[in-house]
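Below is one structure; the comments refer to it alone.
The values are calculated or read from the model by the stated rules, or taken from the named source; none is laboratory data. Treat the numbers as computed from the prediction; the structure is a model and nothing was measured. Cβ coordinates were reconstructed from backbone atoms using ideal geometry, including for glycine residues, and neighbour counts include every protein chain displayed. Protein only, heavy atoms only, side chains kept; ligands, DNA and RNA dropped before computing areas. Shrake-Rupley method; radii C 1.70, N 1.55, O 1.52, S 1.80 Å.
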Amino acid sequence: MRNGSEVGRMSSPQPFRGPDGGRIDRGRTLAFTFDGRRYRGHPGDTLASALLANGVKVLGRSMKLHRPRGVLSAGIEEPNALLCVDWGSGLIPTVRATAMPLLDGLEARSQNCFPSVNFDLGRVLDFTRALWPAGFYYKMFKWPDWRAYEWAVRRAGGLGRLPGGADRTGYRHLNGHCDLLVVGSGPAGLGAALEAARRGEDVLLVEQDMEIGGSLLHDPMEIEGAGSDDWLAAALAELAGMDNVRLMADATVAGAYDHNLLTIHDRSAAWRGDGAVESFWKVRARRIVLATGAFEQPMLFGNNDLPGIMLAGAVHKYATRFAVHCGRRVAGVLNNDSGWRSLLAAHDNGTTVCAIVDTRSDLAPALLDAAEERGIAVHRGATPLTARGSFGVQALRFASATGPVRQVDCDLIGMSGGLNPATQLYSQAGGKLRYDESRHCFVPDRDPEGWEAVGAASGSFTQESGTPVRPCAAAPVRTGGQWLDFQNDVTVADIELAVRENYVSVEHLKRYTTAGMAVDQGKTSNLGALTVLGQLTGRTPGEVGTTTSRPQFTPVTIGAIAGNRRGDFYSPPKRLAAHDWHAAEGAVFDDYGSWKRPACYGPDREAAIAREVLAVRQSVGLFDGSPLGKIEVKGPDAAAFLDRIYVNNVLTLKPGRVRYGLMLNENGIVIDDGVFVRIADDHFLVNTTSGNAERICAWLEEWHQCEFFDMQVVQSNVTSQWAVATLAGPHARGVLQSLPGLIDLSTAGFPHMSFARGRLADGMPYRLQRVSFSGEQSYELSVPSNRAVPIIERLRAAAGPGELLPIGVEALMVLRTEKGFVHVGVDTDGTTNPLDIGFGAVVDRKRRDFIGARSLARPNDRRADRRQLVGFEPLDANASVPAGAHFVAVSNGTRRSEGFVTSACDSPTLGRTIGIGLIERGFGRKGEEVLVYDNGRNTPVRIVDPCFYDPAGERMRA
Amino acid sequence: MLRIPCPFCGDRDEAEFRCGGELPREIPQPGVDDDAWSDYLFNRDNPKGLVHERWCHSFGCNQWFNVVRDTVTHRIHAVYRPGEPRPALDGPCATAAKSGG
């Protein structure tokens, strides 16, 4: 950033800046650049006012047709003056110059143009624009298909370019409460804030501008007998002195949600080059006063999008607040008194207005007198036809009341199509609007609970003479184009086309023409579009209605919405207690659910998996099973409760024993599986699939609290309290038994599916269950999580150097596939019931009701042609078959899917490819050959039993 | 975002809760016929007006309770605990209410 004081008073003249006045600090000068050229402005300027002061008229190009565009407005509704801006915090695209404070050293660039804003090759789209009417892409890009054009259309679309590199701005989320939240700090908002604050209410006043005061900053008036400058100073002093009042400037209420929750995008600390912070607030308010004012609407006439055509209120605001006179000879195009007020005030403050064209005939005498006093020519009952010029305005042509076409030479047109209350937040909150015919705008009609609109936002505009606003839309001119949505290049002709194609609902119109879908969200275009739509279809604007406003009110940085939820904070990964130990062993980590777990150990994935599988089959492997879900269920009714949850019989399980079980939802679909342990008569340990513990614990809670609330039982998720070291393989017992203090592990004393707990010789508590997911002799040893590394190290030492290989999740998946053990959610989906995976006998043996039982009795759940779990072997032992490939049946030349592969792997144990899957009538088809189809390739496979290895289970019981 | 009066903790933001959907009818007896069973499983009243819902204060006390909410205004008219009788409601919205079983 350059130092502003250096350039200080040497500033070159700003040709359109008045010699005095304005709320700018002329004692200091800020240097900035636009498209590489250097300019100067003052503190208090916006980027737009500084550019206008320097006579820069063309700031950008429209999105579709690349027409030159200048500043339209002086506020947040700006559709045209969108720039790429860098103030030391990186390049930010599509910044509204009218709402961007001027900062020293700021660099601004035009966007959507090449090679420059004044000569843009994209303008060819404008010269050929008859080819690109509304919805052209729905009609033109159909042959051969859309994808042939997509890349080019996507490149042409959009405005700015995304900045590269990391975002240097900080973002934070904050929460607040208040009795009254006032949106907007004009006279109406300040008045409401003062009144509530004096009553002792907790008041939050939010203003999107960098300065508090709203319209008073550019439109002084008399309030309570004083000049508004004095009144404003007094009001601010009073509010600042009260502890129950908070004032926020440079912060926009962006969204209104249920029960009076509002979001605020606070940029007050965003304009620093380093350490910039944007805050995103969620504030719950008892009451909300909406004092957001109104948006002035444009007029419709040919070429009304030329640079140098501005809203009358903007001409006024630039003249008074910034002492910037945007033109030397201003012509007004008006249909209402508010526009008159703006232009007269602009004239009185040094912006010369030469003529006013008003579409109304019956103007108030006071207006005519005022014009005469100032030497302004007035053309009543006239119809504006077209603006002449190419990169700026040269003249305005209009049809006078008596008919002849006349012309006014001018370099700026100030237009006003009336005011439309800024009711976007009101609508978001559920408020209903009503069309006010005399003012030609939509005003609040039915307040949401706790809401009140005041001032211009309620439709009460200052100093109206009583002559109604004359709706401006659809001048009789068809040449030159009359723009409704400046940014998206939507013209009256586009609305006509949409009507011809029967898009006559305002919601359809918006989506078909893209009117109102630009950065400004139709703040200056929705009313015009729906008015034209109404005129073309014989309806009033009230009958046409408005589209629904949704958050955000003005653009909010994605970063502000995300806050700190980025990087690892987006979804914090869970790490194993022994994470670093695994890393030191060369573990390759993958995401399994929310857990980071070792997939395998070593860079060569296939070799590592094969090595680990064979270690378990031939000697012993160590698996970190800590994420295994562990839920304790305790209480006098624990057994009866779980008996309703599981498909299996829980009541007959003896303490110290383990049983494998399935859980279903009420529709009879398998939602989880795992073993459950009876630790004592009234105490169970439920194991769930890794990553599923929270969901199943919540499931148990819901059933207990909502349906079985008379049962005495509690459940608690203890998954992360225990680290689990699983030893699997023929040597597992030998290694484990050498831990001093452990119980006798001999199969006679501690057979497969047993559980024990106690303390090791050194006092470390442990839980031990002999269960197997690998098909080998296997022990799951649980110790408190903080002892994970010591227990692994001791097991390793017990095994001897190099004897205990760590194994990863991928090897375990191969081991369990070799055994045909299902992995719920992989081998089952949202249609799989327990009968489909071979648990029909268990279901039928259980005589008591359990969750899902009734559903399994439906005919559909017992159909013979359901997809059932089978194993398969490709006839070519080395053929690879991916999960997801389909079993296809071919009959009479037609092919039909009979099911799909759910798991498949290259089995190091068997030296061939194996897999399991779900196929229609699978249980009865063992030995049959079928085709597996994948990506154009058919692989013949033979259907076999899903258990490929040790079907009798002798190894795991050994 | 709704402001929900948890009967155990008081007013909290919706983000702390999990919605369990419209309150199901009482679970039918196991011997019920297929039509009645699927009606219980899949059909909900989905009224315009007052609806009885089940919510869990999952980032708070982890307790389930019932909420009477107006689906048009989102206003919450009452909360009550599982097993408690449904509160009698009158007022402007009650005409739109269905008993919900």
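On the beta carbon distance between A:TYR660 and A:GLN737, with R0 = 25 Å, the FRET formula returns roughly 0.50. In order along the range A:833-840, phi translates into HN-Hα couplings of 9, x, 5, 5, 10, x, 10, x Hz, rounded to whole numbers, per the Karplus curve 6.51 cos²θ - 1.76 cosθ + 1.60 with θ = phi - 60° and x for Gly and Pro. Estimated at the nearest 10 Å², the accessible area of A:LEU125 is 50 Å² with a 1.4 Å probe. Could you tell me which of rounded, prolate or oblate describes the protein assembly as shown, using a ≥ b ≥ c as the square roots of the eigenvalues of the alpha-carbon gyration tensor, with rounded for a/c under 1.5 and, failing that, prolate when a/b is larger than b/c and oblate otherwise? Taking the square roots of the gyration eigenvalues as a ≥ b ≥ c, the protein assembly as shown is prolate.
Averaged per residue, the protein assembly as shown has 42 square angstrom of accessible surface, using a 1.4 angstrom probe with ligands and nucleic acids left out. Using the Cβ-Cβ distance between A:TYR570 and A:HIS683 with R0 = 41 Å, the FRET efficiency computed as 1/(1 + (r/R0)^6) comes to roughly 0.60. Rounded to whole numbers, the Karplus 3J(HN,Hα) couplings from phi for the range A:245-256 are 10, 10, 10, 10, 9, 6, 9, 10, 6, 9, x, 10 Hz, using 6.51 cos²θ - 1.76 cosθ + 1.60 with θ = phi - 60°, and x at Gly and Pro. Of interest is the spacing of the C-alpha centroids, which for the range B:21-55 and the range A:570-607 amounts to 44 Å.
Across A:TRP132, A:TRP143, the residue with the most accessible area heads the list, and the full order at a 1.4 Å probe is A:TRP143, A:TRP132. Determine which residues of the range B:12-32 fall in the zone a paramagnetic label at A:ARG286 would reach in this model, i.e. backbone nitrogen under 20 Å from the point 7 Å along Cα→Cβ. Those under the cut-off are B:12-13. Counting only DSSP beta bridges whose two residues both lie in the protein assembly as shown, roughly 75 percent are antiparallel.
Once A binds B, the 1.4 Å probe can no longer reach about 2200 Å² of accessible area, counting both sides.
What is the calculated FRET efficiency for B:ARG18 to A:ARG380, with r their C-beta to C-beta distance and R₀ = 45 Å, to the nearest 0.05? E between B:ARG18 and A:ARG380, to the nearest 0.05, is 0.10. Between A:LYS432 and A:ARG198, full extension at 0.36 nm per residue minus the direct alpha carbon distance yields a gain of 81.2 nm. Among A:TYR257, B:TYR80, the order of accessible area from largest down is A:TYR257, B:TYR80, computed with a 1.4 Å probe on protein heavy atoms. Shape of the range A:298-417 from its Cα gyration tensor (a ≥ b ≥ c, root eigenvalues): rounded if a/c is under 1.5, otherwise prolate when a/b > b/c, or oblate? The shape class here is oblate.
Mean residue ellipticity at 222 nm, helices only, chain A: -6000 deg cm²/dmol; runs of at least 4 DSSP H residues each add -39,500 (n - 2.57), and the sum is divided by the number of residues.
Each residue of the range A:689-696 is assigned a 3J(HN,Hα), and the resulting list reads 4, 3, x, 10, 4, 5, 5, 6 Hz, derived from the Karplus form 6.51 cos²θ - 1.76 cosθ + 1.60 (θ = phi - 60°), x at Gly and Pro. The order of A:MET310, A:MET956 by accessible area, most exposed first and with a 1.4 Å probe, is A:MET956, A:MET310. Nonpolar atom fraction for chain A, defined as the carbon and sulfur part of the 1.4 Å probe accessible area, stands at 52 percent. Expressed as an acute angle from 0 to 90° and rounded to the nearest 10, what is the orientation of the C-alpha long axis of helix A:147-156 relative to the principal long axis of chain A? Its long axis makes an angle of about 50 degrees. Helix A:526-537 sits at what angle to the longest principal axis of chain A, using alpha carbons and giving 0 to 90 degrees rounded to 10? Roughly 80 degrees between the two axes. A:GLU372 sits with roughly 140 Å² accessible to a 1.4 Å probe, with DNA, RNA and ligands left out of the calculation. The distance between label points at A:GLU694 and A:TRP132 comes to 4.7 nm (points 7 Å beyond Cα on the Cα→Cβ vector).
Principal-axis analysis of the Cα atoms of chain A puts helix A:187-198 at an angle of about 60° to the longest axis. Under 20 Å from a label point set 7 Å out along the Cα-to-Cβ vector of A:ARG172, the amide N atoms of the range A:59-98 belong to A:89. Over all other residues within a Cβ to Cβ distance under 10 Å of A:GLY825, the charged ones net out to -4, with Lys and Arg as +1 and Asp and Glu as -1.
Scanning residues 5 or more positions from B:CYS6 or on other chains, those with amide H under 5 Å from its amide H are B:ASP11, B:ARG12, with H placed 1.01 Å from N in the peptide plane. Could you tell me the distance between the Cα centroids of the range A:83-100 and the range A:401-453, to the nearest Å? Here the two parts' Cα centres lie 29 Å apart.
For the range A:637-744, chymotrypsin sites (Phe, Trp or Tyr not before Pro) meeting the loop criterion (DSSP other than H, G, I, E, B) and having at most 12 other Cβ atoms within 10 Å: A:PHE709. Other residues lying with their Cβ under 13 Å from the Cβ of A:GLU694 contribute a combined charge of +1, Lys and Arg counting +1, Asp and Glu -1. What is the range A:878-958 by shape, rounded, prolate or oblate, if you read a ≥ b ≥ c off the alpha carbon gyration tensor as root eigenvalues and call it rounded for a/c under 1.5, prolate for a/b larger than b/c, and oblate otherwise? Taking the square roots of the gyration eigenvalues as a ≥ b ≥ c, the range A:878-958 is prolate.
For A:PHE850, the solvent-accessible surface computed with a 1.4 Å probe is close to 10 Å², ligands and nucleic acids excluded.
With contacts taken as Cα pairs under 8 Å and at least 6 residues apart, the range A:629-719 reaches a relative contact order of 41 percent. Remark on A:GLY70: its backbone amide H falls under 5 Å from those of A:LEU59, A:GLY308, a criterion applied only to residues 5 or more positions apart or on other chains, H modelled at 1.01 Å from N. Summing charges over neighbours of A:VAL588, with a neighbour being any other residue whose Cβ is under 14 Å away from its Cβ, gives -4 when K and R count +1 and D and E count -1.
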